[in-house]
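The values are calculated or read from the model by the stated rules, or taken from the named source; none is laboratory data. Just so it is clear, the structure is predicted and the values come from calculations on it, not from any experiment. Here the Cβ positions follow ideal geometry from the backbone for every residue, glycine too, while neighbour counts run over all protein chains shown.
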Amino acid sequence: MNAGLPTKVIKEIRVDIDKCTGCRACEMACSAFHAIPRYSSINPSKARIRVVADELNDEYVPIRAGDYTPSECNGRHIYTIAGKQYSECSFCGASCPSRDYFIEPDSGLPLKCDMCETVPPLEEPMCVQVCGTDALTYVERQVERDPKEPPARGEVEIGLESLIKKYGAQAVLQKMAQLAKGLKS
Amino acid sequence: MRYTETGYDLEIYLSRGSIEKVATDPKLAEYYLGGQGAAAKLLWERVPPETDPFSPDNLLIFSTGLLHGTPVPSANRTCVNCFSPQTNLMSHSLFGGFFGPELKHAGYDKIIIRGKAPDLVYLYINNDQVEIRDATHLRGAGTTETGDLLKKELKDQKVQVAAIGLAGENRVWMASIDHNHASAARGVGVIMGDKRLKAIAVRGTKDVNLAKPAELFDICLKMNKKIAESSGCGDWMAVDEDDSFHHNHFSWGNARKRIKNYWSKELQERWTKWKYDHMDRQTGCYNCPKKCRNVINWPGRKRFGYKCFGKDTYHMAAFLELDFTYEILGVAQEYGVDSYAMPQVIAFALELLEAGILKDSDFPGMPPDSRGRFFYLLEKIVRREGIGDILADGVSRAAVRIGNGAEKYDHNTVKKFEQLPIKLGKLNPAFFLMIATGEKMSITQIEGSFPQDPLPTREQREEFVNKWAAVPDEKFKQYFLNWEKRNDITDQATCDIVEWNEAMHYLDDSTGICGFVSSFRGQFGGDIAYHMNNLPEILSLATGFEMTKDKLWKTAQRIRTLVRAINNRRGLRRKHERPPEDHWAIRDEKYEQGLLSKYYEFKGWNMDGIPTREKLESLDLGYVADDLEQRGILKVEEKVPA
């Protein structure tokens, strides 16, 4: 790697579905780690990882919660891999209206995997730590940053953008001006 | 807030179709934990001893272990209890998988089922929504088939289903309750069928709360790694292809014939190939890093899973090879039958035919070969057709019904329950006591903490005890160090060993922890995950009540003694406590009865095997003593004036 170029770290959880035993320890540990206060309760249905399991079809696929999507797919692929049929859903991490995966059961809000990023950082995400068969492994890769790639966005920017999407730029600007005035006095 | 427990039981009265959610007393968990302990308390209180197992008043209880739904690895075995028609005693059954934890997340510690439905129903539990639903469309469906159909019907792949198959529906006494590829055997499937309950489907999305969560999670994370890495945990039989142990030492047929040099390298290669050519994968139970279940996809069969000795029972009963077990297990598991008892019942019937007690005319159309005969009889029994209707009541009852000398062929039962097919030479004192007095019916549910055999040299024994973390008391290390010959051990040591072995099973079956990381596994290698020295801390952190080693030992004895009293109340006495007469070739009645008396005394039981008032009161079971005295089972002790 060229020493002069800026780099970034890509975090990956690699999944070997042949090694998964379907024990769901990953779900348990994820729900504990994300409970508030931390570890205070256990509830796999609040986990940001799910093992899609169908014992009769010998199907065991751990999937990680990705983005929220307001609409479901129109039609799905069915993949046949090594003689077994998998629905596209089995590999999809979206929190979507067609299933109750990655939706917080009490509030109905979507859940998303955050790779257990915390201060101080964990050595590995919690789901990987409890996977006794190495179906889940964690890899960090340093890659060169593409110069054309936009810089990483901060939380304020992402938050403001979603407010603008929801209420419109005008309403947000007005409110901000109002609030800023209030804070000065 | 209740920790580890939800604080609610689900009461289902099938005769009326009523459903109640009932709050429970938080104190009870401190005394009886959960699982079998909690269920025993309910059976004592609510089922009068004269209740016939087929009466609507018999309860069928599915209970979660106290540690289900916590981060404690390998706590996932659901306990099922009722009274069994086969033994007329308390049925004790367990199955692994995901059911118990799911039930706890649905908000319930137990499901208590009484009464009988007019026709087949299933129970659907989705958090607070609980419904008794029609199941007539599932009549005759296989056990895993039922699970699959219900997941589709309920449009939820995540429901956990426990179901009976055709055997349970037809009230076959060897019927099991199956969940995925895990089976609850020993007398519970027949009662589920009698109650006309085809299945329970459960889905839960609620929190389970913990008293000291961060400290507990930290311990569990380390425990998870230990269990994953330790060869002293889990079912080694799932991967050890050398199975000479069972084949050279256990008996074939109707527990009759030992074939001492059966195993060979060539056979092992052939069998290993059969296995790996057809094995999809090994699977595990909820929150356990081990993978003890081999899932086999045999041509023309539904996928099935097996563990432990379950891979041998059918072909050893039939004098065949592993491919036969694979061929029949896929069928038998869908029918929902106990793969330990069923092959013995079939082998018993074929022995009666050979002896001329049953006639060819009792088996119309039966094929001449062993393979064909086993399939033929399996079908007859699960359908209760012809001779199958009699055999469906198990070996002991069938022998009585057939008569004409058939009783002589019922040689391998204790308390009318089929035992493992083990026939040995010299008596092993601890095993004599365990088989005689155990109330979990199968030796695998009683033995397990103390090694079965001594190690040959003192150096090896020293090495073993030096890393033996599981011993509850230093005396066990001394017993093992000085143990040279299997049957040369003091009576005191024998009593202590039996009590420890039993205690661990009573704890596992009440906390929900699997015997393969605890009670059963210690005898092979000693390096287990859970034992008397670390369970108190784990229980304290999880539940919030203060648990110590002494308190936990007492709790184990309390549960064990309550189970004994429940069975005493239903007629269990000393005369029933006899291992099969041919279990060992060399017997000594005087020595055995002397040992039994010593054990009764050691346990605080009278010479008829009934706990004394003094013992009961020391275990906070004074109410049990009152009842036993009232019924005249215990003599009222005269109070000496002070």
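Within region B:295-302, can one find any residue that is modelled with pLDDT of 95 or more and assigned to a strand (DSSP E or B)?
The answer is yes, given that some residue of region B:295-302 is modelled with pLDDT of 95 or more and assigned to a strand (DSSP E or B).
List pairs: first residue in region B:198-225 and touching a residue at least 60 places away in the same chain (Cβ under 8 Å), second residue assigned to a helix (DSSP H, G or I) and of a type in the set (Asp, Glu) anywhere in the structure, Cβ distance under 6 angstrom, at least six positions apart or on different chains.
Short answer, once both residue conditions are applied: B:Val202/B:Glu102; B:Gly204/B:Glu102.
Return only the number of the condition from (1) of a type in the set (Gly, Ala, Ser); (2) in a loop (DSSP other than H, G, I, E, B); (3) farther than 23 Å from A:Phe33 by Cα that A:Ser90 does not satisfy.
(2)
Please go through region B:68-92 and pick out each residue that is within 14 Å of another protein chain (Cβ to nearest Cβ), touching a Gly at 6+ places or on another chain (Cβ under 7 Å) and in a loop (DSSP other than H, G, I, E, B).
B:His68, B:Asn76, B:Arg77
Name, by its number, the condition in (1) more than 7 Å from chain B (Cβ to nearest Cβ); (2) closer than 18 Å to B:Phe99 by Cα that does not hold for A:Asp16.
(2)
Please pick out the residue among B:Gly37, B:Gly65 that is under 30 Å from B:Cys220 (Cα atoms) and either assigned to a loop (DSSP other than H, G, I, E, B) or at pLDDT below 95 (or both).
The unique qualifying residue is B:Gly65.
Within region B:13-27, can you find the residues that are among the β-branched types (Val, Ile, Thr) and surrounded by 13 or more Cβ atoms within 10 Å (Cβ to Cβ)?
Passing the criteria: B:Ile19, B:Thr24.
Just give me the residues in region B:168-225 being among the hydroxyl-bearing types (Ser, Thr, Tyr) and facing chain A (nearest Cβ under 10 Å), in sequence order.
B:Thr205, the sole residue that qualifies.
If I ask for residues that are touching a Gly at 6+ places or on another chain (Cβ under 9 Å) and either surrounded by 24 or more Cβ atoms within 10 Å (Cβ to Cβ) or without any contact (Cβ under 8 Å) to a residue 60 or more places away in the chain (or both), which ones from region B:305-317 would you list?
Correct list: B:Met316, B:Ala317.
Being within 14 Å of chain A (Cβ to nearest Cβ), over 28 Å from the mean Cα position of the chain (by Cα) and either closer than 30 Å to B:Thr70 by Cβ or loosely packed, with under 14 Cβ neighbours inside 10 Å (or both): is that true of B:Tyr286 here?
So B:Tyr286 does not fit the description; no.
Condition check: surrounded by fewer than 13 Cβ atoms within 10 Å (Cβ to Cβ) and in a loop (DSSP other than H, G, I, E, B). Does A:Ser98 satisfy that?
No; evaluated as a whole, the condition is false for this residue.
Please determine, by comparing only the residues of region A:105-132 that are within 13 Å of the chain's Cα centre (by Cα) and without any contact (Cβ under 8 Å) to a residue 60 or more places away in the chain, which one is farthest from the other protein chains (Cβ to nearest Cβ).
Of everything passing the filter in region A:105-132, A:Glu117 is farthest from the other protein chains (Cβ to nearest Cβ).
I'd like the residue in region B:611-642 that is under 18 Å from B:Lys554 (Cα atoms) and of a type in the set (Val, Ile, Thr) and, out of all such residues, is surrounded by the fewest Cβ atoms within 10 Å (Cβ to Cβ).
Across region B:611-642, the extreme among qualifying residues is B:Thr612.
I need a count of the residues in region B:93-149 that are in a helix (DSSP H, G or I) and either crowded, with 18+ Cβ neighbours inside 10 Å or more than 11 Å from every other protein chain (Cβ to nearest Cβ) (or both).
16
Kindly establish whether B:Glu499 is within 27 Å of B:Trp584 (Cα to Cα), charged (D, E, K, R), in the same structural domain as B:His531 (by TED's automatic domain parsing) and not in a loop (DSSP other than H, G, I, E, B).
Criteria met by B:Glu499.
Would a scan of region B:576-583 turn up a residue that is in contact (Cβ under 8 Å) with a residue 24 or more places away in the chain, in a helix (DSSP H, G or I) and outside the structural domain of B:Phe250 (by TED's automatic domain parsing)?
Yes - at least one qualifying residue is present in region B:576-583.
Take A:Val52 and decide whether it is farther than 20 Å from B:Val208 by Cβ, within 14 Å of chain B (Cβ to nearest Cβ), buried (at least 22 other Cβ atoms within 10 Å of the Cβ) and in contact with a helix residue (DSSP H, G or I) (Cβ under 7 Å, 6 or more places away or on another chain).
For A:Val52, the condition - farther than 20 Å from B:Val208 by Cβ, within 14 Å of chain B (Cβ to nearest Cβ), buried (at least 22 other Cβ atoms within 10 Å of the Cβ) and in contact with a helix residue (DSSP H, G or I) (Cβ under 7 Å, 6 or more places away or on another chain) - is met.
Residues in region B:555-565: is at least one among the basic types (Lys, Arg), farther than 29 Å from B:His411 by Cα and either out of contact with any His (no Cβ under 6 Å at 6 or more places or on another chain) or crowded, with 17+ Cβ neighbours inside 10 Å (or both)?
Yes.
Just to check your reading of the model, which residue among A:Ala135, A:Ala152 is within 21 Å of the chain's Cα centre (by Cα) and assigned by TED's automatic domain parsing to the domain that holds A:Cys26?
When all the criteria are applied, what remains is A:Ala135.
If you check B:Ile586 against the conditions, is it crowded, with 23+ Cβ neighbours inside 10 Å and not acidic (Asp, Glu)?
Spelling it out, it is not the case that B:Ile586 is crowded, with 23+ Cβ neighbours inside 10 Å and not acidic (Asp, Glu).
In the list A:Asp134, A:Asp67, which residue meets the criterion of being exposed (fewer than 14 other Cβ atoms within 10 Å of the Cβ) and under 24 Å from B:Ile219 (Cβ atoms)?
Being exposed (fewer than 14 other Cβ atoms within 10 Å of the Cβ) and under 24 Å from B:Ile219 (Cβ atoms) holds for just one of A:Asp134, A:Asp67, which is A:Asp134.
Assess whether B:Lys152 counts as being more than 10 Å from every other protein chain (Cβ to nearest Cβ), more than 24 Å from B:Lys116 (Cα to Cα) and outside any strand (DSSP E or B).
Criteria met by B:Lys152.
Restricting attention to region B:47-62, does a residue exist that is touching a residue at least 60 places away in the same chain (Cβ under 8 Å), closer than 26 Å to B:Ile633 by Cα and assigned to a strand (DSSP E or B)?
Within region B:47-62, one or more residues are touching a residue at least 60 places away in the same chain (Cβ under 8 Å), closer than 26 Å to B:Ile633 by Cα and assigned to a strand (DSSP E or B).
Are any residues in region B:226-242 within 9 Å of chain A (Cβ to nearest Cβ) and within 16 Å of B:Tyr286 (Cα to Cα), and if so, which ones?
Within region B:226-242, B:Ile227, B:Ala228 qualify.
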